[in-house]
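The structure appears right after this line, and notes come after that.
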Amino acid sequence: MHLIVYTSTYTHSEKAAQDDLLDICRAANSFNPTREIAGTLFFHQGRFLQALEGTRENLEELMARIEKDPRHRDIVRIIDEPIEKRSFVDWRLDAFNVSDDIQLDPELLENFKITFLGQGPLEGRVFVDLLKKFCANPTLRAALVSC
Ligand SMILES: Cc1cc2nc3c(=O)[nH]c(=O)nc-3n(C[C@H](O)[C@H](O)[C@H](O)COP(=O)(O)O)c2cc1C
């Protein structure tokens, strides 16, 4: 099993983000289950952060599609390493649109920003544990894009 986490820069205006996230989410929910790829996607202040777990071969196939996508650029893999087992169990991609309207408590916001900058704890398991905490956070769950 393998883990890839990358950040990238959104190329459209922030106003279009919700629609793009919906579209991405739909594409992911039809493709990722066929390759048993699980993960999560956050959008915040014009940046994406996505974590993906699966076999290395399947992840590289998906990354080749994602890297061609004109909706983002400057894709930087901040984690790319083997893992013992999955942390994300659902094939559905949870996508979060963390706009500035979302009021996060200061500690969570600080953690979130650090994570987003890719300057957090870069050991894969620790990083994914942090992302899982975000996914479970009630305030952040309000930012979930339903598709
Ligand atoms: C930030 C970002 C994350 C994406 N994540 C996924 C994903 O997890 N799974 C997926 O199938 N497509 C994902 N996409 C969409 C793909 O880039 C692509 O548009 C989609 O797979 C449809 O490809 P096709 O037009 O070649 O069929 C993502 C796109 C972006 C911009």
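The values are calculated or read from the model by the stated rules, or taken from the named source; none is laboratory data. Fair warning: this is a prediction, and the values are worked out from it, not measured in the lab. Counting neighbours? That spans all protein chains shown, and the Cβs are built from the backbone with ideal geometry, glycine included.
To keep it simple, each residue is scored yes or no on (1) within 13 Å of residue 49 (Cα to Cα); (2) among the β-branched types (Val, Ile, Thr); (3) part of a helix (DSSP H, G or I); (4) touching an Asp or Glu at 6+ places or on another chain (Cβ under 6 Å).
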residue	(1), (2), (3), (4)
92	no, no, no, no
95	yes, no, no, no
103	no, no, no, no
115	yes, yes, yes, no
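Just for region 1-16: of the residues that are aliphatic (A, V, I, L, M) and crowded, with 20+ Cβ neighbours inside 10 Å, which one is farthest from the chain's Cα centre (by Cα)?
In this case the residue turns out to be 3.
Pairs under 6 Å by beta carbon, first residue within 11 Å of residue 47 (Cβ to Cβ) in region 8-21, partner hydrophobic (A, V, I, L, M, F, W, C) and assigned to a strand (DSSP E or B), six or more apart or different chains?
8/48; 8/75; 17/43
Is there a residue being within 16 Å of residue 144 (Cα to Cα) and part of a loop (DSSP other than H, G, I, E, B) anywhere in region 56-69?
Looking through region 56-69, none of the residues is within 16 Å of residue 144 (Cα to Cα) and part of a loop (DSSP other than H, G, I, E, B).
Test residue 81 against the criterion of being part of a helix (DSSP H, G or I), more than 13 Å from the chain's Cα centre (by Cα) and more than 12 Å from the ligand (Cβ to nearest atom), and give yes or no.
Criteria not met by residue 81.
What's the total number of residues in region 27-48 that are more than 9 Å from the ligand (Cβ to nearest atom), outside any helix (DSSP H, G or I) and either out of contact with any Leu (no Cβ under 6 Å at 6 or more places or on another chain) or of a type outside the set (Phe, Trp, Tyr) (or both)?
Here the count works out to 7.
Of the residues 134, 112, 127, only one is away from the ligand (no atom under 15 Å from the Cβ) and touching a helix residue (DSSP H, G or I) at 6+ places or on another chain (Cβ under 6 Å); which?
From the options 134, 112, 127, the qualifying one is 134.
Suppose we filter region 9-21 for residues that are within 9 Å of the ligand (Cβ to nearest atom) and at pLDDT below 95; how many remain?
Counting residues in region 9-21 that are within 9 Å of the ligand (Cβ to nearest atom) and at pLDDT below 95 gives 0.
I'm checking my understanding of the structure. Among residues of region 21-58 that are of a type outside the set (Asp, Glu) and farther than 14 Å from residue 93 by Cα, which one is surrounded by the most Cβ atoms within 10 Å (Cβ to Cβ)?
Applying the filter and picking the extreme gives 44.
Collect the residues in region 88-147 that are aliphatic (A, V, I, L, M), crowded, with 17+ Cβ neighbours inside 10 Å and touching a residue at least 40 places away in the same chain (Cβ under 8 Å), keeping them in residue-number order.
93, 95, 98, 128, 131, 140, 143, 145
Only one of 24, 75 is in a helix (DSSP H, G or I), among the β-branched types (Val, Ile, Thr) and either under 21 Å from residue 141 (Cα atoms) or near the ligand (Cβ under 9 Å from one of its atoms) (or both). Can you tell me which?
After ruling out the rest, the residue left standing is 24.
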